[in-house]
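Every number here is computed from the coordinates shown, using simple stated rules; none is lab data. Given the structure is predicted, the values throughout are model-derived calculations rather than measurements. With ideal geometry, Cβ positions are generated from the backbone for all residues, glycine too; neighbour counts draw on all protein chains shown.
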Amino acid sequence: MVCLGNICRSPLAEGILQSKVDSEAVFVDSAGTAGYHVGNPPDKRSIAVAKKYGLNITHQKCRKFSRQDFLEFDHIYVMDRSNFSDVASLATNKEEASKVKLLLSEVEVGIQEVPDPYYGGEDGFENVYQMIDRACEAIAKKLN
Ligand code: 4NP
């Protein structure tokens, strides 16, 4: 799960998808395309909305996406088109590039990108939680 900062959207996506799959069989992680917050926990507002739905994401630590991730992961879900081009530009072949998908391409929610809630209020976090949850439900059905 990849977003820009790895403190708002992708930590939620990591926590939500991991909660819906068999953790013995599926490993979920998240990363950011930027390194501004490396080593930090998720944003307080992501932690709060996750807690509201029974998920603890406080243990997560921000890291930057790297080329190595193409070797370690079968699927790379990105939150928006900017993330898509940043990640896809690091792919070294077609097989790696084909792993990169917009998260919302898994569902019909009327939009294709998970909006960045960083500069908005709490409502934005609830909104992104709901769309990420729907997409993760669809992904989990395929993986389980
Ligand atoms: P995220 O949100 O990509 O969903 O983690 C952001 C977090 C931090 C920044 C931008 C977006 N930032 O500019 O620091």
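Kindly indicate whether any position in segment 26-38 is within 14 Å of the chain's Cα centre (by Cα), aliphatic (A, V, I, L, M), more than 14 Å from the ligand (Cβ to nearest atom) and in a helix (DSSP H, G or I). Within segment 26-38, none of the residues are within 14 Å of the chain's Cα centre (by Cα), aliphatic (A, V, I, L, M), more than 14 Å from the ligand (Cβ to nearest atom) and in a helix (DSSP H, G or I).
Among the criteria (1) over 13 Å from the mean Cα position of the chain (by Cα); (2) within 12 Å of the ligand (Cβ to nearest atom); (3) within 18 Å of LEU17 (Cα to Cα), the one TYR119 does not fulfil is (3). So is ALA135 more than 18 Å from HIS37 (Cβ to Cβ), among the hydrophobic types (A, V, I, L, M, F, W, C) and touching a helix residue (DSSP H, G or I) at 6+ places or on another chain (Cβ under 9 Å) or not? Against the criterion (more than 18 Å from HIS37 (Cβ to Cβ), among the hydrophobic types (A, V, I, L, M, F, W, C) and touching a helix residue (DSSP H, G or I) at 6+ places or on another chain (Cβ under 9 Å)), ALA135 qualifies.
Within the set of pairs 6 or more residues apart or between chains, which connect a residue that is more than 18 Å from PRO11 (Cβ to Cβ) inside segment 68-80 to a residue that is more than 16 Å from the ligand (Cβ to nearest atom) and in a helix (DSSP H, G or I) with Cβ atoms less than 9 Å apart? As it stands, the answer is PHE70/GLU95; PHE70/GLU96; PHE70/ALA97; LEU71/GLU96, since those pairs meet every condition given.
Pairing residues of segment 85-102 that are more than 16 Å from SER66 (Cβ to Cβ) with residues that are of a type outside the set (Asp, Glu) and in a helix (DSSP H, G or I), at Cβ distances under 7 Å and at least 6 apart in sequence or on separate chains, gives LEU102/PHE84. Considering segment 1-25, and only residues there that are farther than 15 Å from ARG63 by Cα and among the hydrophobic types (A, V, I, L, M, F, W, C), the residue that is farthest from the ligand (Cβ to nearest atom) turns out to be ALA25.
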